[in-house]
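Student: Handing you a structure now.
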Amino acid sequence: MSPAKTAPEILDVDGFEVRVTSPDRVVFAEAGLTKLDLVHYYLAVAEGALRGAGGRPMVLKRFSKGLDHEPFFQKRVPENHPAFIDSATLRYASGTSAEETVIRDAAGLAWVVNLGCLDLNPHPVRAEDLDHPDELRVDLDPMPGVDWAQIVDVAFIAREVLEDHGLTGWPKTSGSRGLHILARIRPEWDYTDVRLAAEALAREVENRAPGLATARWWKEERGESVFVDFNQNAKDRTVASAYSIRALPDARVSTPLTWDEVRSRRPEEFTVLTVPERFRAIGDPHAGIDAAAGSLEALLALARELGPAEKPPRGSDGSGRRTSTMPLIEVARTKTKPEALNALETWKQRHPQAAGRLHPADILVDGMRGSSSLWYRVRVNLQHVPDAERPTQEDLIADYDPWAARTSS
C-alpha cells in the first residue's frame, strides 16, 4: 500500500471510532479497490469473518508497501493499540513468546485492515485457552498440473474420512488454488495430538485415493497430486481464515461453501466485489460450525492403527540431515518471488534440453518463512530427465541470505 496524502477517514463502527489513513489509496489496481473499500468489505462480512478469526490470537500479515512487495509478519500487537483490541501471550516451540493481537468485533477488523492486513491469520486456539486447539485444519494444496476436479475429488474423500471418524467438515476456498476443510473439535487435546490426528487423516485420504492425494511431506515426492497438508495443525502455524482477502490481482476471497457448491463453483468467482452480495443473499454457509465440535479420539485411534509414518532416509555423513530420494538440484535463493521466477528462467535458458523434459510438478518454487518475511527457494527435480542429460549442481544463480541482517546487527 504505497504512500498517499488523502485525509484520514474516521468511521463509527458499532460505537467505536476507527481511523482509516490514506483511505483513497488504491490497493488492487485491476479491480479498482481502495483501502477504504477493503475496510467496507470486511464490515459487510464481519459476522462470518469474526466466526473464523474472532477471539483468536493472530499474526498480522502487513502489506504496508503494497501488493508488489513482500508482506512482513508481525507477531506482537502494536503499541498504542485501541481499547477494543485485545491480546494474548503465546509461547512458541522455539522458547520465545509474543503478545499477539486478538480481535473480537467489527471495529477490530477495520483496525487491522488499516494496518495493511489483507488476509486474517489466526491460530487454531481461543485466547482463553492457548494450549488446546478447537479447530482441525485440512489444507488441500494442489501440486502444479493438478486441476480443480482432482482437488474436489480429494475434498469429498477427506469429508468422508472426517465423517467416518465422528467429525464434520466445513469447506471453503483457500483464496488461491486449493481448498480448506475446517472441523471444530472440543478443546481437550494439545497441539501434538491435533497434528497427529491430522496426519492420520491425511494418510487415510492417501490410502483411499492413491495417485490423487498424498500425505508425503517432501514436495519433490508428491508428483501431480493434492497434498493433504497436515502440518498446518502444528503449533505456531496459521492459515488464512474465512472471508480473508488474498493478495492476488483480482482481490480473491477465501470463501465458505456448502458441500453442494464444491463441485460447481470456482475460486475465481469469489472476490471483494462479489462476496458481500452473496453474504447478504445467503448468509454464512459456516454459520453452524461452532455447534458441531467433535472428538479426536477416533482419529487418534486411526493413528495408532496406521503406526508411525515412514521416515525419510538420513545422510551417511554424520550430520543427520535428510537425503532426498529424488535427483534434486537447487537453482536459487531470492528475496522475492519475481526474482525466483527470473532465476528459474535463466536456468531453463542454460539447460533447454533438460527444461523441456520437466513436468509441472518437477519445478519447486517455495516460499520460506524468514524472521519476519518470506524468501524463496528454487529447486528442480530431474526425475524425468535421463541420467546422461541431467545438469549437475551449479553455483546458485542468486544466493539471498534471509538472516544476514540479523547476524550482522
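The values are calculated or read from the model by the stated rules, or taken from the named source; none is laboratory data. None of the values given here were measured: they were computed from a predicted structure. Cβ coordinates were reconstructed from backbone atoms using ideal geometry, including for glycine residues, and neighbour counts include every protein chain displayed. With ligands, DNA and RNA removed, areas are computed over all heavy atoms of the protein, side chains included. Shrake-Rupley method; radii C 1.70, N 1.55, O 1.52, S 1.80 Å.
Student: Quantify, in whole percent, the carbon and sulfur part of the accessible surface of the chain (1.4 Å probe; protein heavy atoms only).
Tutor: About 48 percent, which is the carbon plus sulfur part of the accessible surface.
Student: In addition: Report, largest value first, the span of the C-alpha coordinates of the stretch 328-399 along each principal axis, in whole Å.
Tutor: Cα spread of the stretch 328-399 along its principal axes, largest to smallest: 41, 19, 17 Å.
Student: From the phi angles alone, apply the Karplus equation (6.51, -1.76, 1.60; θ = phi - 60°) to the stretch 69-74 and give each ³J(HN,Hα) in whole Hz, x where the residue is Gly or Pro.
Tutor: 10, 5, x, 10, 9, 10
Student: Would you grab the residues whose amide H sits under 5 Å from the one on Ser87? Only those 5+ places off in sequence or on another chain, please, with H modelled 1.01 Å from N.
Tutor: Close amide H contacts, sequence-distant or interchain: Val102.
Student: Sticking with this one: For the chain, what does the helix formula give at 222 nm: sum of -39500 (n - 2.57) over DSSP H segments with n ≥ 4, over the residue count, nearest 500 deg cm²/dmol?
Tutor: One gets -7500 deg cm²/dmol as the mean residue ellipticity at 222 nm.
Student: So who's got an amide H within less than 5 Å of the one on Phe63, skipping anything under 5 residues away but keeping other chains? H placed 1.01 Å off N, in plane.
Tutor: Sorted by chain and number, the residues that satisfy this are Cys117, Leu118.
Student: A follow-up question, please. May I ask which residue of Gln74, Val152, Val59 lies farthest towards the positive end of the charge dipole of the chain, with charges of +1 (Lys, Arg) and -1 (Asp, Glu) on Cβ and the Cα centre as origin?
Tutor: Of Gln74, Val152, Val59, it is Gln74.
Student: Output the pairs from Lys219/Lys348; Lys172/Lys348; Lys61/Lys219; Lys235/Lys337; Lys172/Lys235 with a Cα-Cα distance over 31 Å in this structure; if there are none, say none.
Tutor: Lys172/Lys348
Student: Let's see if you can work this out: charge +1 on each Lys and Arg Cβ, -1 on each Asp and Glu Cβ, no other charges. What is the dipole magnitude of the stretch 328-399 about its Cα centre, in debye to the nearest 20?
Tutor: With only Lys, Arg, Asp and Glu charged at Cβ, the dipole is about 240 debye.
Student: Residue by residue, what Karplus-based ³J(HN,Hα) values in Hz, rounded to whole numbers, does the stretch 153-168 have, using 6.51, -1.76 and 1.60 with θ = phi - 60° and x for Gly and Pro?
Tutor: So the Karplus estimates, Gly and Pro as x, are 4, 5, 4, 5, 5, 4, 4, 4, 5, 4, 5, 5, 10, x, 10, 9 Hz.
Student: Could you order the peptides 45-53, 389-397 from most to least packed, using the average number of other C-beta atoms within 10 Å per residue?
Tutor: Top to bottom by mean Cβ count within 10 Å: 45-53, 389-397.
Student: Assuming R0 = 25 Å, what is the FRET efficiency of Asn80 and Glu9, from their Cβ-Cβ distance, to the nearest 0.05?
Tutor: Given R0 = 25 Å and the Cβ-Cβ separation, E is 0.80.
Student: On to the next question. Would you be so kind as to identify which of Gly367, Ala340, Pro391 lies farthest towards the positive end of the dipole of the stretch 328-399, taking Lys and Arg as +1 and Asp and Glu as -1 on Cβ and the Cα centre as origin?
Tutor: Checking the options against the dipole of the stretch 328-399, the answer is Gly367.
Student: Now, a different point. I'm a student and want to see the number: the projected area of the Cα convex hull of the chain, averaged over all directions, in nm².
Tutor: Its average projected convex-hull area is 21.9 nm².
Student: Could you give the size of the charge dipole of the chain about its Cα centre, using +1 on the Cβ of each K and R and -1 on the Cβ of each D and E, expressed in debye and rounded to the nearest 20?
Tutor: 820
Student: Calculate one ³J(HN,Hα) per residue across the stretch 230-247 by plugging θ = phi - 60° into the Karplus curve 6.51 cos²θ - 1.76 cosθ + 1.60, and present them in order as whole Hz with x for glycine and proline.
Tutor: 6, 6, 5, 9, 6, 4, 6, 8, 10, 10, 5, 7, 4, 6, 5, 7, 9, 7
Student: Here's something else I'd like to know. Select from Ala291, Pro171, Ile245 the residue farthest towards the positive end of the dipole of the chain; place +1 on Cβ of Lys and Arg, -1 on Cβ of Asp and Glu, and compute about the Cα centre.
Tutor: The one lying farthest along the dipole's positive direction is Ile245.
Student: Moving to a separate point now. Sorted by packing (mean other beta-carbon atoms within 10 Å per residue), highest first, where do 59-70, 157-168 land?
Tutor: The densest-packed peptide leads the list: 157-168, 59-70.
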